[in-house]
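To start, the structure under review is shown below, and the notes come after it.
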Amino acid sequence: MQMKAVYFNSHGNPEVLKYGDVEEPKLNKGDAIIEIKYSSINRLDLLIRRGYPGINIPLPHIPGVDIYGKVIDIDDNNEINPGDYVVANTVYGCGNCDFCLSGKENMCYTWKMIGFHINGSHAEFVKVPSKTLLKVKGDGEKLGVSPLSLSVAWNAMVTVGKVKRDDFVLIYGGSGGVGTFAIQVAKLFKAKSIVTTRSDEKAKILRSIGADYVINSSDEDILNKIMEITDRKGVDIIIDYIVNPTMQVSLDAAKINGKIIVFGFLGGNMFPINWQKFYLKNLRIYGIHNASKLELKNAIKYVENNEIEPYISKTLRLEEVIDGHRIMENNEIIGKLLVKID
């Protein structure tokens with residue numbers, strides 16, 4: 001049987017993406033077949049399409065990390081049955097190592113990711129390990145754009161950052177998927193978010209989402225503004241996926257005993273650090289990638305209950321995913337790009 005999908009046979013610019021017929025996935029032991037209703041486009045999809053440094057991606061490849069859909073067939077999961085609507089945690093592990101056994105499969109030595117190591121959700125059907133699935137209820141559009149961005153924001157803010165009332169949280173590039181979720185997670189815990197952007201238009205929307213302070217880095221000095229907002233004490237938690245040159249600002253902007261949490265390197269992954277400033281301020285720098293299924297479970301309930309509202313700037317059909325890659329590469333969106341699959 002054939003299905004419609006977006007796929008690529010070689011790495012490169014958005015033009016390598018193709019839309020057409022491919023073979024439907026077949027159920028194997030420990031897997032589930034999901035009929036996809038909604039997905040989204042993440043920056044990670046762009047990195048995978050270009051070729052991710054150090055990790056081989058099997059070709060031809062179907063991208064797409066986020067999953068919301070209906071279970072068609074399933075093996076080896078007592079909690080989920082055909083007909084259930086589910087999301088999938090984006091990452092999974094071996095199931096046997098100490099990390100997996102303690103519920104931290106994103107730290108597994110042999111972790112794998114949907115849409116990365118295996119075919120993803122930009123297709124009518126996808127096959128995933130059944131252990132990744134969570135049964136959900138509520139708005140499919142909101143749930144479909146949430147798994148990766150929301151769970152990373154939760155991991156950074158709650159699990160690692162241990163955000164609490166009255167903390168100041170600095171979120172670089174707050175108009176992205178993780179940033180727009182992180183603003184709302186900060187609000188849940190009654191923390192105060194300071195968000196950077198380079199657009200007055202985006203700044204207005206970020207305030208409407210719940211950002212307490214927005215710094216337009218095109219015409220304001222980030223560090224001076226942060227010191228003004230925090231009465232020169234600095235921020236408790238910094239969320240960063242840019243790294244270079246933001247890390248230099250972070251060392252100055254962080255409060256004594258503050259946390260800097262890194263989950264990407266859009267600005268480049270090599271840079272010098274002022275180690276004297278780092279240790280004299282008792283700072284902590286954490287690296288995270290993805291999140292555990294438990295973190296997704298804890299976070300997604302707020303979307304189900306409409307306490308976190310994903311900001312969806314545009315809805316695309318499956319055949320328009322190539323346009324979505326171009327839109328994201330040009331930084332023409334705020335929040336999430338929804339992919340609707342009929």
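The values are calculated or read from the model by the stated rules, or taken from the named source; none is laboratory data. Only a predicted model underlies this, so the values are computations on that prediction, with no experimental measurement involved. Glycine also receives a Cβ, built like all others from the backbone with ideal geometry; neighbour counts cover every protein chain displayed. Note: accessible area is taken over every heavy atom of the protein model, side chains too, but ligands, DNA and RNA are not part of it. Shrake-Rupley method; radii C 1.70, N 1.55, O 1.52, S 1.80 Å.
Quick notes on this one:
- Residue within the range 122-137 that is over 29 Å from Glu24 (Cβ atoms) and open to solvent by 30 Å² or more (accessible area, probe 1.4 Å) present: no
- Only one entry in Tyr52, Tyr85 is open to solvent by 10 Å² or more (accessible area, probe 1.4 Å), in contact (Cβ under 8 Å) with a residue 12 or more places away in the chain and under 18 Å from the mean Cα position of the chain (by Cα), namely Tyr52.
- Answer from Lys301, Lys297 - the residue that is more than 16 Å from the chain's Cα centre (by Cα), surrounded by fewer than 20 Cβ atoms within 10 Å (Cβ to Cβ) and outside any loop (DSSP other than H, G, I, E, B): Lys301
One line per residue, one yes/no per condition, for (1) in contact with a strand residue (DSSP E or B) (Cβ under 9 Å, 6 or more places away or on another chain); (2) more than 19 Å from Pro14 (Cβ to Cβ); (3) small (Gly, Ala, Ser):
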{"position": "Asn28", "(1), (2), (3)": "yes, yes, no"}
{"position": "Ile57", "(1), (2), (3)": "no, no, no"}
{"position": "Asp66", "(1), (2), (3)": "yes, no, no"}
{"position": "Val71", "(1), (2), (3)": "yes, yes, no"}
{"position": "Pro82", "(1), (2), (3)": "yes, yes, no"}
{"position": "Trp111", "(1), (2), (3)": "yes, yes, no"}
{"position": "Phe116", "(1), (2), (3)": "yes, no, no"}
{"position": "Ser121", "(1), (2), (3)": "yes, no, yes"}
{"position": "Glu124", "(1), (2), (3)": "yes, yes, no"}
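- Within the range 188-213, the set of residues being buried (at least 18 other Cβ atoms within 10 Å of the Cβ) and either outside any helix (DSSP H, G or I) or free of Cβ contacts under 8 Å to residues at least 40 places away in the same chain (or both) comprises Ala191, Lys192, Ser193, Ile194, Val195, Thr196, Thr197, Ala203, Ala211, Tyr213.
- Restricting attention to the range 261-288, the residues that are over 15 Å from Gly177 (Cα atoms) and in a loop (DSSP other than H, G, I, E, B) add up to 13.
- Residue ID - farthest from Asn257 (Cα to Cα), chosen from residues in the range 214-233 that are open to solvent by 90 Å² or more (accessible area, probe 1.4 Å) and in a loop (DSSP other than H, G, I, E, B): Asp219
- Scope the range 1-34; condition part of a strand (DSSP E or B), closer than 30 Å to Gly93 by Cβ and open to solvent by 60 Å² or more (accessible area, probe 1.4 Å); matching residues: Glu23
- Of the residues Tyr302, Tyr279, the single one that is of a type in the set (Phe, Trp, Tyr) and at pLDDT 95 or above is Tyr302.
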